[in-house]
Amino acid sequence: MVNKPEMVDLLTAGMRGASARQRAIADNIANVETPGYRRKTVPFEQALARALASGDVPASLQTKVMMPDTTPVDDKGNNVDIEMEVGELVKNSSTYKTYLRMLSKVYRQMELAMTVQ
């Protein structure tokens with residue numbers, strides 16, 4: 001079982017990763033018509049899993065922006081698919097909200113533990 005400070009670090013790292021992904025998705029959507037633009041991704045779940053497996057502190061986790069080359073490119077050299085980006089935006093927003101709600105519950109439990117008489 002993960003103790004509370006580690007849980008806070010883990011959830012905070014998840015929120016930072018989701019925030020970085022949100023910025024990448026926003027950049028992708030903003031550049032959907034930009035010739036030669038390549039979409040960005042932030043695969044923070046893999047970095048978080050590696051950090052947990054190695055016992056590293058998630059608070060020191062760095063997210064990396066990547067440019068995958070697996071998506072098809074249009075005639076302008078752009079590989080942004082607006083429908084996919086909107087879907088990723090919705091999914092990522094839900095992920096961020098989940099981390100936020102869980103963190104709020106952890107803090108609420110700590111508060112209750114400190115106020116119980």
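Descriptive notes on the structure:
- Close Cβ contacts (under 6 Å, 6 or more residues apart or on different chains) running from residues in the range 60-89 that are within 30 Å of GLU6 (Cβ to Cβ) to residues that are modelled with pLDDT of 90 or more and of a type outside the set (Ser, Thr, Tyr) comprise THR63/GLY17; THR63/ALA20; THR63/VAL42; VAL65/ALA24; VAL65/LYS40; VAL65/VAL42; GLU88/ILE25; LEU89/ILE25.
- Picking from residues in the range 67-90 that are loosely packed, with under 12 Cβ neighbours inside 10 Å and under 17 Å from the mean Cα position of the chain (by Cα), the one that is modelled with the highest pLDDT is VAL90.
- Scanning the range 58-117 for residues that are among the acidic types (Asp, Glu), in a helix (DSSP H, G or I) and farther than 22 Å from ASP9 by Cβ yields GLU83, GLU85, GLU88.
- Residues in the range 21-54 that are crowded, with 16+ Cβ neighbours inside 10 Å, closer than 17 Å to VAL90 by Cβ and touching a helix residue (DSSP H, G or I) at 6+ places or on another chain (Cβ under 8 Å): ARG21, GLN22, ILE25, ASN28, ARG39, THR41, VAL42.
- Taking the range 37-47 as the range and being more than 12 Å from MET67 (Cβ to Cβ) and in contact (Cβ under 8 Å) with a residue 12 or more places away in the chain as the test, the residues that pass are PHE44, GLU45, ALA47.
The values are calculated or read from the model by the stated rules, or taken from the named source; none is laboratory data. Small disclaimer: the values here were computed from a predicted structure and weren't measured. Cβ atoms come from the backbone with ideal geometry, glycine included; neighbour counts cover every protein chain shown.
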